[in-house]
Amino acid sequence: MSDKLTLKKTEGAWFINFALGIAGKAQLKKLNKAAKDCGKTSNATLRGILEYAKDSEWGKAHHFAEILSAPDDKTLYELWQKNVPPQDYEDLRPFVERHKTGEENVLFPGKPMMYATTSGTTNQPKWIPITNEYYGNVYSKMTKLWLYSFMMHRPTVFDGRCISIVGKAVEGYAPDGTVYGSVSGVTRRDVPKFISKLHSAPYQIFNIEDYASRYYAIMRCGLEQNVGSIVTANPSTIKQMINNINEHFDEYVQDIEKGTLKEDLDIPDDIRKEIEEYFQPNPIRALELKALKAKYGEILPKHYWPNMRVLTTWKCGNTRSYATRFADAFPAEMNHQEFGYFASECRAGLVINGQDDTVLFPHMHFFEFVSEDDLENPNPKFLQIQDVEVGKRYAIYVTTYAGLYRYNMNDLVEITGKYDTIPTIQFIQKINGIVSMTGEKIHESQFIDAVNTAIKETGLDVPFYLGFADLAISTYQWYFEFAKENVTQAEAERFAWIVENDLRKRNVEYEAKRSSFRVNDPIVHILQPGSLEKFKLACLDAGMGRDGQFKYNLLMQNEPRHNIIKTLVK
């Protein structure tokens with residue numbers, strides 16, 4: 001017998017579907033045109049970026065006008081390589097710092113509209129400039145196609161509300177007064193009024209500083225409504241959401257029944273007042289939720305959101321193992337779509353096929369690639385988008401309308417196929433996800449595969465794990481949280497022994513360094529239950545990332561994060 005739920009269709013759903021259909025189809029048409037000849041499209045984009053920035057200080061210093069004089073695409077790329085060296089953020093930092101103090105026309109015409117901040121390789125964060133040109137012609141247009149891609153595979157997705165979890169649009173200000181914050185937050189804040197009806201919660205919720213209070217408020221809004229989609233980058237957020245609802249179930253039900261937001265949340269009065277205006281007493285929904293709890297015990301999204309059609313999170317790289325852990329929690333008809341290759345520096349493309357492959361957008365960015373086999377070459381060969389091969393892995397470099405020129409994303413991606421002529425990609429790992437103390441060069445993906453082998457052989461589920469290179473004692477410290485709470489140290493040691501043996505088989509350099517005692521035996525630790533969320537919260541409190549797009553490597557050499565995980569050992 002099915003559960004009877006009084007879930008309402010989104011107000012104005014027909015118009016949202018109509019408007020997104022028109023806007024999305026227009027952007028899809030442009031993508032399809034670009035896909036006819038991605039090489040030609042890509043070079044046209046490079047010319048557009050050169051034309052846009054040729055009169056900036058950086059453009060003049062790197063001879064953009066001369067490059068533009070190239071009579072053909074071959075010469076264009078030769079002059080581009082000759083005049084513009086590959087960059088990382090530290091190469092660009094001095095120019096960004098000048099923009100931050102108010103200088104114009106340094107990296108590009110005028111000044112940034114905002115900065116997106118993200119962690120860097122030094123103690124100082126990266127301040128990624130976002131120009132009006134880039135935001136208007138890339139982010140805004142891509143968002144329309146992104147939402148339309150949900151409709152392409154699940155036409156009724158926007159009959160229900162959307163829970164989107166984003167960062168704050170304004171987190172602070174540069175010295176000249178330009179804001180810095182989350183681009184996803186700005187996109188969410190500035191959506192057209194008709195689309196704002198689609199969201200389950202008012203934007204003001206994302207200005208709540210206290211992490212736990214913000215998530216309670218988000219889920220208090222969502223649990224009452226007919227949710228058709230959830231958009232959040234990190235899959236760990238989904239597991240947290242499910243646990244949170246069951247942990248605070250009685251409080252949610254009471255708030256929904258009375259139309260309130262519980263008083264002990266750390267929410268500023270002005271924000272609380274705005275949020276509470278959205279609530280009305282809803283005793284019928286409260287009774288439905290109580291009935292679901294009585295029937296199922298632990299209630300899941302498939303129970304309270306039976307009409308949910310799209311979930312989009314990261315699923316590739318080190319998030320893959322987490323993304324599979326809640327598959328049975330959602331309705332069978334729901335599509336779990338990869339969030340796509342997306343970073344503060346660049347939204348490189350979108351997932352169009354509804355699954356895992358990001359279609360690069362050569363009509364919005366200029367891409368270059370270096371083969372994985374050529375990464376340690378001091379003078380690697382750079383390839384254009386039309387030159388990469390399916391099945392091979394590459395480092396990816398981007399050039400954008402926001403002052404990033406031949407910018408090393410420090411990401412390893414795999415070419416998974418083609419969308420007409422455009423390569424599709426999946427993220428594999430950060431290139432700095434290759435950890436090495438003495439030449440062993442362990443790939444994060446190797447560590448993940450070794451842990452999965454141990455899980456299969458032992459039957460022990462490991463919801464969360466991390467590995468750290470400890471240079472002081474030349475060993476790897478491994479931290480495992482076991483789903484079975486009474487796992488003994490001896491069982492953990494056996495689990496780690498399987499990981500160790502598998503890793504030695506996968507990595508000949510690691511085997512050599514272990515056999516020669518240049519790398520000592522790994523040290524194994526058992527983590528407390530719920531360590532992922534505790535680790536995430538501690539990192540966020542320490543300023544190591546933003547909750548909407550919190551990232552971490554499963555294998556790393558990072559003392560501040562290592563110090564945090566040490567506090568979570570049983």
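Ranked by solvent-accessible area (1.4 Å probe, protein heavy atoms only, all chains present), the residues 361, 517 order from largest to smallest as 517, 361.
A full extension of the chain between residue 37 and residue 483 corresponds to an added length of 155.6 nm, given 0.36 nm per residue minus the alpha carbon distance.
For the chain, the relative contact order works out to 13 percent when only alpha carbon pairs closer than 8 Å and six or more residues apart are counted.
Only beta bridges with both residues in the chain are counted; by DSSP, about 70 percent of them are antiparallel. For region 10-100, the carbon plus sulfur part of the accessible surface works out to 58%, probe radius 1.4 Å. In this structure, residue 497 and residue 287 have a Cβ-Cβ separation that, at R0 = 51 Å, corresponds to a calculated FRET efficiency of about 0.45.
Quick one: work out Rg over Rh on the C-alpha atoms of region 381-481, Rh as Kirkwood radius.
For region 381-481, the value is 1.07.
Converting the Cα gyration tensor eigenvalues of region 17-170 into ellipsoid dimensions via √(5λ) gives semi-axes, longest first, of 33, 24, 13 Å.
Calculated mean residue ellipticity at 222 nm for the chain: -11500 deg cm²/dmol, from DSSP H runs with n ≥ 4 weighted as -39500 (n - 2.57), summed, divided by the residue count and rounded to 500.
Residue 69 exposes around 90 Å² of accessible area when a 1.4 Å probe is run over every protein chain in place. Label zone (residue 386, point 7 Å along Cα-to-C-beta; backbone nitrogen cut-off 20 Å) within region 56-95: 67-82. The mean sequence separation of alpha-carbon pairs under 8 Å and at least six residues apart, normalised by the residue count of region 338-467, gives a relative contact order of 17 percent.
Sites listed here are GluC sites (Glu not before Pro) in region 108-216 whose DSSP assignment is loop and whose Cβ has at most 12 other Cβ atoms within 10 Å: 209. Taking 0.36 nm per residue of separation and subtracting the current Cα-Cα distance, fully stretching the chain between residue 44 and residue 298 would add 86.0 nm.
Computed from point charges on the beta carbon alone (+1 for Lys and Arg, -1 for Asp and Glu), the dipole magnitude for the chain about its Cα centre is near 1340 Debye. Under a point spin-label approximation (7 Å from Cα along Cα-to-Cβ), what is the residue 270-residue 19 distance to one decimal in nm? Distance between label points: 2.8 nm.
For residue 198, the accessible area of its heavy atoms, probed at 1.4 Å with every protein chain present, is near 0 square angstrom. Put the Cα centre of region 413-488 next to the Cα centre of region 198-252 and the gap is 29 Å. Please identify the GluC sites (Glu not before Pro) of region 300-348 that satisfy two criteria: DSSP loop assignment and at most 14 other Cβ atoms within 10 Å. Which are they? Hits after loop and neighbour filter: 333.
FRET efficiency for the residue 505 to residue 436 pair, using the beta carbon distance and R₀ = 22 Å, is estimated at 0.75. Per residue, the accessible area of the chain comes to 41 Å², computed with a 1.4 Å probe over protein heavy atoms only.
Given charges of +1 on the Cβ of Lys and Arg and -1 on the Cβ of Asp and Glu, with all other atoms neutral, how large is the dipole of region 207-338 about its Cα centre, in debye to the nearest 20?
For this selection, approximately 760 debye.
Here each label is just a point 7 Å from Cα along the line to Cβ, and for residue 26 and residue 173 those points are 3.5 nm apart. Report which label in (i) 25.4; (ii) 23.7; (iii) 24.6 holds the value of Kirkwood radius over Cα pairs in Å derived from the coordinates of this structure. So the calculated entry is the one marked (i). Accessible area of residue 414 (1.4 Å probe, protein heavy atoms only, ligands and nucleic acids ignored): about 50 Å².
Taking a ≥ b ≥ c as the square roots of the eigenvalues of the alpha-carbon gyration tensor, region 141-246 is classed oblate because a/c is 1.5 or more while a/b is no larger than b/c.
Our summary gives region 406-537 a relative contact order of 23 percent, counting only alpha carbon pairs under 8 angstrom and 6 or more residues apart.
Each Lys and Arg Cβ is given +1 and each Asp and Glu Cβ -1; about its Cα centre, region 367-520 then shows a dipole of about 220 debye.
Compare the Cα positions of 525, 507, 535 along the charge dipole of region 495-562 (+1 at Cβ of Lys, Arg; -1 at Cβ of Asp, Glu; about the Cα centre) and return the one farthest towards the positive end. The Cα lying farthest towards the positive end belongs to 507.
Only one residue of 145, 113, 71 has its Cα farthest out toward the positive end of the dipole of region 66-217, where Lys and Arg carry +1 and Asp and Glu -1 on Cβ, and that residue is 145. Considering only 35, 13, 45, and ranking their Cα positions along the charge dipole of region 4-51 that arises from unit charges at the beta-carbon of Lys, Arg, Asp and Glu, the one farthest toward the positive end is 13.
Each 5 Å bin from 0 upward holds the following percent of the Cα-Cα pairs of region 429-513: 3, 13, 26, 26, 17, 10, 4, 0. Extension gain, residue 279 to residue 517: 0.36 nm times the residue separation minus the Cα-Cα distance gives 79.3 nm. Carbon-plus-sulfur accessible fraction, region 307-368 (probe radius 1.4 Å, protein heavy atoms only): 46%. Can you send over the carbon and sulfur percentage of the accessible area for region 408-456, probe radius 1.4 Å, protein chains only? With neighbouring chains kept in place, the figure for region 408-456 is 46 percent.
The values are calculated or read from the model by the stated rules, or taken from the named source; none is laboratory data. Quick caveat: nothing in here was measured; it's all calculated off a predicted structure. Cβ atoms come from the backbone with ideal geometry, glycine included; neighbour counts cover every protein chain shown. Calculation scope for accessible area: heavy atoms of the full protein, side chains included, ligands and nucleic acids excluded. Shrake-Rupley method; radii C 1.70, N 1.55, O 1.52, S 1.80 Å.
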